[in-house]
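Undergrad: Got a structure here, written out as structure tokens. Questions coming.
The values are calculated or read from the model by the stated rules, or taken from the named source; none is laboratory data. Quick caveat: nothing in here was measured; it's all calculated off a predicted structure. Neighbour counts run over all protein chains shown; Cβ positions are idealised from the backbone, glycine included. The accessibility values were calculated without ligands, DNA or RNA, using every heavy atom of the protein model including side chains. Shrake-Rupley method; radii C 1.70, N 1.55, O 1.52, S 1.80 Å.
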Amino acid sequence: MLARLARHNGIWDIVVIGGGATGVGIAVDAASRGYDVLLLEQHDFGKGTSSRSTKLVHGGVRYLEQGNIALVMEALKERGLLRQNAPHLVSNLAFVVPNYDWWEAPFYGLGLKVYNALAGKYGFGSSEILTREETLARLPTIKTEGLRGGVVYYDGQFDDSRLLINLVATAVDQGATLVNYARVVDVTKGLDGFVDGVVAVDQEDGRQWTIAARAVINASGAFSDSVRRMAEPDVQSLIAPSQGIHLVFHASFLSADAAIMVPHTADGRVMFAIPWHGHTLVGTTDTPIETPTLEPRPLPEEIDFILETAGRYLHKAPTRDDVLSVFVGIRPLVKSGDGRLTAALSRDHTIHIDASGLLTTTGGKWTTYRNMAEHTVDQAADLARLAERPCVTRTLNVHGFHTNADRFGTLRVYGSDALAIRELMRAVPSLAAPLHADLPYTAAEVVWATRHEMARTVEDVLARRTRALFLNARAAAAMAAAVARLMGEELGWDRSRQAAEVAGFTAMAKGYQVSSA
Ligand SMILES: Cc1cc2nc3c(=O)[nH]c(=O)nc-3n(C[C@H](O)[C@H](O)[C@H](O)COP(=O)(O)OP(=O)(O)OC[C@H]3O[C@@H](n4cnc5c(N)ncnc54)[C@H](O)[C@@H]3O)c2cc1C
């Protein structure tokens with residue numbers, strides 16, 4: 001990618017700032033239309049919110065309750081398109097709403113029928129009212145006291161950072177240039193006062209690039225306002241950041257192929273307990289925060305709230321000692337009023353053009369990244385007077401596309417790339433061994449991520465190419481030395497670089513561990 005950047009002559013059609021779902025989606029869209037695109041990410045692809053979601057490809061039952069039918073319909077259509085274009089990463093999951101009150105079955109039964117009807121031809125399966133016995137058969141670990149029955153409906157589930165890495169590959173396949181560890185530190189302006197490029201610094205060697213662009217798109221999520229202030233220091237904030245945490249437990253807490261959906265927690269939110277990569281993932285919260293950071297921390301009361309809510313529904317209430325990992329994401333919600341009650345703010349996306357001509361696109365959801373990208377590239381092409389070219393991503397396969405990836409077992413998330421990883425294992429059988437008894441990840445995946453997926457640090461491999469850190473933070477820390485050795489062989493790291501990688505990762509993994517109260 002650096003060589004592509006160095007070879008490039010002249011002005012880029014579009015430069016994108018930020019390598020999360022929004023930015024990478026835009027790079028895929030713009031490159032597949034034939035525009036000349038560069039994307040710059042300050043850390044690793046997906047370091048921000050896009051690796052920290054609840055892992056749902058969904059219309060959002062809650063938005064239906066809020067009456068935002070248009071948003072639900074758009075998201076349900078995008079859910080269907082994503083399953084069609086990335087079947088190796090999106091699966092159909094049954095969600096059960098357990099009922100403890102007489103009115104819940106008819107109320108949620110009707111609401112979820114509407115939810116499915118709104119999906120039209122993109123439906124994932126009809127909802128059904130369940131008896132008590134049927135509910136227990138689907139959710140064997142649910143609290144039985146007072147249980148009357150349940151309602152089952154179907155939605156999508158995915159692996160967020162794996163999809164992102166495959167979208168990076170899709171954009172590259174389409175001719176885009178995407179560079180991680182390249183931080184935009186400033187924008188440049190022409191004589192007319194309009195933004196006409198960016199200044200970026202290579203975070204590995206400190207090199208500085210000045211890059212000219214016809215359109216600059218700010219897709220820096222929760223950091224959008226700080227990028228906008230590079231162009232106009234006095235602009236009003238757009239973003240009301242809010243954090244959400246997730247706790248990950250052993251699979252036995254759910255012991256099911258189905259998820260639990262709690263439609264009303266004590267603070268009026270929705271909460272999910274979901275089977276994910278052989279573990280149980282529970283979340284989330286919605287806590288307004290002042291300033292976004294790349295490694296947000298959970299508040300003790302957020303951890304207590306999730307433990308308490310999970311304990312109300314699960315037969316065996318989880319404790320702090322059961323938490324294998326806690327991870328936190330920041331919602332880049334678009335402000336209204338003083339932005340205090342973030343749970344009520346819209347999840348619609350916003351495209352905002354400042355007087356300087358800097359285009360910011362933010363809000364939205366992972367599920368709707370494709371649609372967001374289509375709208376943004378339409379706007380950017382207008383603004384920069386690029387030749388009009390139609391969007392093609394509705395039917396564009398995501399890199400790794402495979403309709404029967406289940407046959408690759410734990411390598412399913414790589415889709416068609418699983419064959420090349422198996423080939424690595426065949427050539428060097430020692431690469432097939434798992435790196436930790438509690439997780440399925442092998443040395444071959446580390447080599448693959450380093451050679452083909454732009455992984456540059458131990459964290460990139462353990463957090464976003466594999467999901468070790470998000471599933472079991474202590475196990476991930478225990479794998480760090482082996483990962484550093486393998487990456488060191490690929491990238492020519494000496495012993496001191498390997499030791500620094502292990503020390504850095506071990507320290508950051510502590511932030512994903514929960515100590516007893
Ligand atoms: C707790 C939680 C749960 C969620 N669950 C779901 C879900 O289940 N389903 C769903 O559809 N959506 C979900 N979402 C929403 C979804 O995750 C986000 O909408 C989406 O990830 C936002 O992507 P983004 O690219 O806009 O932001 P980000 O992923 O944060 O990307 C922005 C990137 O910009 C980079 N950047 C910042 N400044 C600079 C700079 N100066 N130079 C270069 N790069 C820079 C950052 O490093 C970052 O990587 C959830 C969100 C949260 C917080």
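Undergrad: Please list log₁₀ I(q)/I(0) at q = 0.06, 0.08, 0.11, 0.13 Å⁻¹ for the chain, using the Debye equation with identical point scatterers on the alpha-carbon positions.
TA: Evaluating at q = 0.06, 0.08, 0.11, 0.13 Å⁻¹ gives log10 I(q)/I(0) of -0.27, -0.49, -0.96, -1.35.
Undergrad: Does anyone have the angle between helix 495-510 and the longest principal axis of the chain? Alpha-carbon axes, 0 to 90°, nearest 10?
TA: So the helix axis and the longest Cα principal axis differ by about 40 degrees.
Undergrad: How about region 239-326: which GluC sites (Glu not before Pro) there lie in a loop by DSSP and see at most 15 other Cβ atoms within 10 Å?
TA: Values: sites: E290, E301, E302, E308; in loops: E290.
In loop regions of region 239-326 (DSSP not H, G, I, E or B), the sparsely surrounded GluC sites (Glu not before Pro) are E290.
Undergrad: If you don't mind, another one. Could you work out how far helix 473-491 tilts from the main Cα principal axis of the chain, as a 0 to 90 degree angle to the nearest 10?
TA: Once rounded, one gets 30 degrees.
Undergrad: May I ask you to work out the translational diffusion coefficient for region 351-409 at 20 °C, viscosity 1.002 mPa s, via Stokes-Einstein with Rh from the Kirkwood sum over Cα pairs, reported in whole µm²/s? Show your work: numbers first, answer last.
TA: Details: Rh = 14.0 Å.
For these conditions, the coefficient is 153 µm²/s.
Undergrad: Give the shape of region 200-249 as rounded, prolate or oblate, defined through the alpha-carbon gyration tensor: a ≥ b ≥ c are the square roots of its eigenvalues, a/c under 1.5 means rounded, and otherwise the shape is prolate if a/b is larger than b/c and oblate if not.
TA: It is oblate, given that a/c is not under 1.5 and a/b is not larger than b/c.
Undergrad: For the chain, what proportion of DSSP beta bridges, expressed in % and rounded to the nearest 5, is antiparallel? List each step's numbers first, then the result.
TA: On the way: 61 of 77 bridges.
So the antiparallel bridges amount to about 80 percent of the total.
Undergrad: When ranked by the protection proxy of mean other Cβ atoms within 10 Å per residue, highest first, what sequence do the peptides 45-54, 145-154 form?
TA: 45-54, 145-154
Undergrad: Would you kindly state how much longer the chain becomes between K143 and L299 on full extension, computed as 0.36 nm times their sequence separation minus their alpha carbon distance, in nm to one decimal?
TA: The span from K143 to L299 would gain 53.5 nm if fully extended.
Undergrad: Go through 419-430, 312-323 and give me the packing order, highest mean Cβ count within 10 Å leading.
TA: Numbers: 419-430: 12.9, 312-323: 16.1.
Going from most to least packed, we get 312-323, 419-430.
Undergrad: Counting only heavy atoms of the protein chains, get the accessible area per residue of the chain (1.4 Å probe) and round it to a whole Å² value.
TA: For the chain, the solvent-accessible area averages 39 Å² per residue.
Undergrad: Mind checking the full-extension length gain between T319 and H250? Use 0.36 nm per residue of separation minus the Cα-Cα distance, one decimal, nm.
TA: Answer, rounded to one decimal: 23.7 nm.
Undergrad: Taking Cα centroids, how far is region 236-313 from region 444-517 in Å?
TA: So the separation of the two Cα centres works out to 25 Å.
Undergrad: So between Q513 and R497, what do we pick up on full extension, going 0.36 nm a residue minus the alpha carbon distance?
TA: Gain on extension, Q513 to R497, equals 3.3 nm.
Undergrad: What's the angle, to the nearest 10 degrees (0 to 90), between helix 369-383's Cα axis and the longest principal axis of the chain?
TA: 30
Undergrad: Based on the Cβ-Cβ distance from S126 to T265, what FRET efficiency comes out when R0 is 22 Å, to the nearest 0.05?
TA: The calculated FRET efficiency here is 0.25.
Undergrad: Starting from the Cα of R394, move 7 Å in the Cα-to-Cβ direction to define the label point; list residues of region 356-376 whose amide nitrogen is under 15 Å from there.
TA: Under 15 Å, as judged by backbone N against the label point of R394, lie 370-375 of region 356-376.
Undergrad: Count the lysine pairs in the chain that are 8 or more places apart or on different chains: how many have C-alpha atoms under 19 angstrom apart?
TA: Step by step, the pairs that qualify in the chain add up to 11.
Undergrad: Another question, then. Heavy atoms only, probe 1.4 Å: what % of the accessible area of the chain goes to carbon and sulfur, would you let me know? Don't skip to the answer; put the middle values down first.
TA: Details: 10760 of 20420 Å².
Ligands and nucleic acids excluded, carbon and sulfur give 53 percent.
Undergrad: According to a simple spin-label model (label point 7 Å from Cα along Cα-to-Cβ), what is the distance in nm between I69 and S416?
TA: Those two pseudo-labels are separated by 4.1 nm.
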